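Okay, structure first, notes after.
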Amino acid sequence: MVRITSRMTPALALLAAALAIPAAAQAQNFTVQKYDIKGDGGTDYLTAEPGTGRVFVSRGTHVMVVDGLTGKVLGDIPDTPRTHGIALAPKSNHGFTTNGGDSTATMFDLKTLAVIQKVKAGINGLDGIMYDDFSDKILTINHSSPDGTAIVIDAKTGAVTGKVTLSGAAPEGGVSDGKGKIYINIENKNSIDVVDAKTWTKIATWDISPCDGPTGIAMDRKTNRIFAGCSGTSVVVDATNGKVVAQIKNGNGVDALGWDQNEKLIYIPAGQGDGTVTVVHEDSPDKYTVVATVPTFKGAKTIAVDDVKHMAYLFQPEFGPAPAPDPNAPAPAAGRGGRGGPRGPMVAGWFIAIKH
């Protein structure tokens, strides 16, 4: 134990105090920048390209490519109807989107952003998307009916090479261990499906209670721990046996999760309320400490992390006042997350960068 005494100089006292505090519990500094990148359309997921500073932002019918350091719009990928997510395959220099509007994945050149082709990537419900570096495959993760599916696409050619039937109708994020296994959150079952990337079959389903509605997912390959983002309480899962080994308190309205491997930091965005990101340090495989709660913007519920530049990014449109309701119109049905009714015009498109 380091003790502070009256004989210490102020400098020595400060040093002793710092040494007495565990590294994970020391103050963490995060700065937030907001840029209005404008543009049309709502949003779902965004993806950061590690090391380059480029961030791919879904906008409903197109994907905007943004410089994460400046907020400058670098390019645009068109014709992605009801797009949800973007995955990057660096080995083949290709990117892919999930387009719920026409059940395709747009395949594009990572350098030029030119569209190469549109791949028929499922029957319906295209939502999440991921890249598996073990097999060099892209997986579209689909809210298919009656069962969720993952469609396997060759990242080099765009050819569909497989299909995995999942255990629930609402699969969300997926992550690879780089060794032949893929883990996919099943939101409506509070579980994780384990997929064998050699046979493209589901080989296990793990209950991850008390997680409610798992969406975002990431993994520390060094400690073999999976992080499942859930509203209220996220969980850490041992990838060897599916056991929940830790729980993390965070905000509500979580729809993604980010991981900085080098800094050992988990970023959990909560879109409900005023909008915050809970930042958590992995102290050891089974011990986690909240080091910051970073305010962002109301509604911002997805996130992307560049663990080379140690930046995290969010995007959320801001809407003006809604028009006065028609007294003769029927009451609107509540959408996902309880949102319903008309919205006002979009007044800004907030691209938010968190630097550590």
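Read-outs: derived from the displayed coordinates by stated rules, not from any lab. Being a predicted model, the structure only gives us computed values, none of them experimental. Neighbour counts are summed over all protein chains in view; Cβ atoms, including those assigned to glycine, are modelled from backbone coordinates with ideal geometry.
Judged by the mean number of other Cβ atoms found within 10 Å, the most tightly packed of the peptides 239-247, 52-60 leads the ranking 52-60, 239-247.
Ordered by the count of other Cβ atoms within 10 Å of each Cβ, fewest first, Lys181, Lys91, Lys34 give Lys91, Lys34, Lys181. Between Leu69 and Asn124, the modelled labels are 4.6 nm apart [label points 7 Å from Cα along Cα→Cβ]. Return the tail of the calculated pair distribution for region 37-93, meaning the percent of Cα-Cα pairs more than 13 Å apart. Value for region 37-93: 57 percent of Cα pairs lie more than 13 Å apart. Dividing the alpha-carbon radius of gyration of region 65-104 by the rule-of-thumb value 2.2 N^0.38 Å gives 1.33.
Under the criterion of Cα pairs below 8 Å and six or more residues apart, the relative contact order for region 65-197 equals 15 percent. In plain terms, the residue of Ile151, Ile186, Ile37 with the fewest other Cβ atoms within 10 Å comes first and the most crowded comes last, giving Ile37, Ile186, Ile151.
For Asp274 and Lys249, the difference between the fully extended length at 0.36 nm per residue and the C-alpha to C-alpha distance is 7.3 nm.
Legend: calculated FRET efficiency, Thr240 to Asn328, from the Cβ-Cβ distance at R0 = 56 Å, rounded to 0.05, equals 0.40.
What do you get for trypsin sites (Lys or Arg not before Pro) in region 104-150 restricted to DSSP loop and a cutoff of at most 15 other Cβ within 10 Å of the site's Cβ? Counting only loop positions with at most 15 other Cβ atoms within 10 Å, the trypsin sites (Lys or Arg not before Pro) in region 104-150 are Lys111. Rounded to 0.05, the FRET efficiency of the Ala204 and Phe30 pair, given R0 = 51 Å and the Cβ-Cβ distance, is 0.90.
From its DSSP helices (H runs of at least four residues, each -39,500 (n - 2.57)), the chain gives a residue-normalised ellipticity at 222 nm of -1000 deg cm²/dmol.
In summary, the aspartates and glutamates within cross-link reach of Lys34, defined as a Cα separation below 16 angstrom excluding same-chain residues under 8 places away, comprise Asp67, Asp274, Glu318. Computed across the chain, the Kirkwood radius stands at 21.0 Å (inverse of mean 1/r, all Cα pairs). So what's the gap between the Cα centers of region 257-300 and region 103-175, to the nearest angstrom? A separation of 27 Å, based on Cα centres.
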